[in-house]
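Working notes, structure below.
Since every read-out is calculated from the coordinates, none of them should be taken as a lab result. Note that the coordinates shown come from a computational prediction; the quantities given were computed from them, not determined experimentally. Counting neighbours? That spans all protein chains shown, and the Cβs are built from the backbone with ideal geometry, glycine included.
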Amino acid sequence: MRDVSTIRLEVSHRGRTTNSAAFGNPVFVDSGFGGGTVNPGGRRDTLTARLCFDDCFGRDGAELRLALIVADRACPVPQRDTVWLTVQARAIPDTPPVLTFADAATAGGYTVRPGQQVAFDFVGTDLDPGTRVTVRGIDLATGPLAGARIDCPRRTADRTATTRLTWDVDCAMPPGDYDLHLQTQGEACGRAMVVDTLVRVTVLPLDTSRVLPPNVVTPNADGRNDDFSPAAGLKPACGAEFRRLRIFSRWGREVFSSPDRLATWSADNVAAGLYYYFLEYSDRTYKGWVQVVR
């Protein structure tokens, strides 16, 4: 009889060997399964292995039936023995992720005009063990939002992820209601659950309102209504460019003209009476009247 024999440990599941490997002498396998050579001299020896499972094993409570097989290559006749092991994992709760806003008012939506900005943070949370969470925007550059300047970086992190959406509403955006599609996804062990939500943004027409300038000029150097500057209080439409201020007498004669938006008219060398002004912008012309009192 030989003094040295080889023993082998295998794990079989549904007829297939899971793992086997050869190791040197002495043998202590603290992870996985394998084989080795017993101590020489015919003494009793033991091959030890640790059965390890991936963190994702059995999340759904599935049952696994394994055949643990030990075999040697001794002379004259190799021997083997088998023990069946049933592993029943405890199911881990798998709850959907949650999408929240840093500012709770965001859920109510926004009302803006062209030239303004929409900006908010939203958070995806999934507290299930081992979960990776992703937050992102969906279809923010297609359909009605095609051409919109929306920035919403995709973010992924363990259990909680945060990102920021910003939208600079430009002058070309037609008035109407727009839904921003937001999504958070929780993924663990190859399985994903998603939660979607919408934030409505109402874009109003261009703001053409303005603060009306005083409509009386009293050029007497008393510090009150000494001159006329109609463009100073005007809120021009988004992107509109100032072109010219023109003032006419009631008989149609031009008495003042300037390409300076902050130009002032002091009514020099004109008679008292009613005059008409025209503020010309690239998108429209504002009209009004002013009374000169001496």
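Just a few scattered comments:
- Taking amide H atoms as placed 1.01 Å from N in the peptide plane, the amide H of Trp265 lies under 5 Å from those of Phe228, Ser229, each 5 or more residues away in sequence or on another chain.
- Descending by average beta-carbon neighbour count within 10 Å, the peptides 83-90, 254-261 line up as 254-261, 83-90, the highest first.
- Taken one residue at a time, the phi angles of region 176-190 give Karplus couplings (6.51, -1.76, 1.60, θ = phi - 60°) of x, 9, 10, 9, 8, 8, 10, 9, 10, 10, x, 10, 8, 6, x Hz. Gly and Pro are set to x.
- Other-chain or far-sequence residues with amide H under 5 Å of Gly109's (modelled H): Arg200
- Among residues other than Lys287 with Cβ under 11 Å from its Cβ, the summed charge is +1 (Lys and Arg +1, Asp and Glu -1).
- The HN-Hα couplings worked out from phi for region 270-284 by the Karplus form 6.51 cos²θ - 1.76 cosθ + 1.60 (θ = phi - 60°) are 10, 7, 4, x, 9, 10, 10, 10, 10, 9, 9, 10, 5, 9, 6 Hz, whole numbers, x standing for Gly and Pro.
- 10 Å beta-carbon shell around Ser266, net charge (K/R +1, D/E -1): -3
- Rounded to whole Hz, the Karplus (6.51, -1.76, 1.60) HN-Hα couplings of region 76-90, x for glycine and proline: x, 10, x, 10, 8, 9, 10, 10, 8, 10, 9, 10, 10, 7, 7
- Rounded to the nearest 20 debye, the dipole magnitude of region 98-203 is 140 debye, with +1 charges on Lys and Arg beta carbons, -1 on Asp and Glu beta carbons, and the Cα centre as origin.
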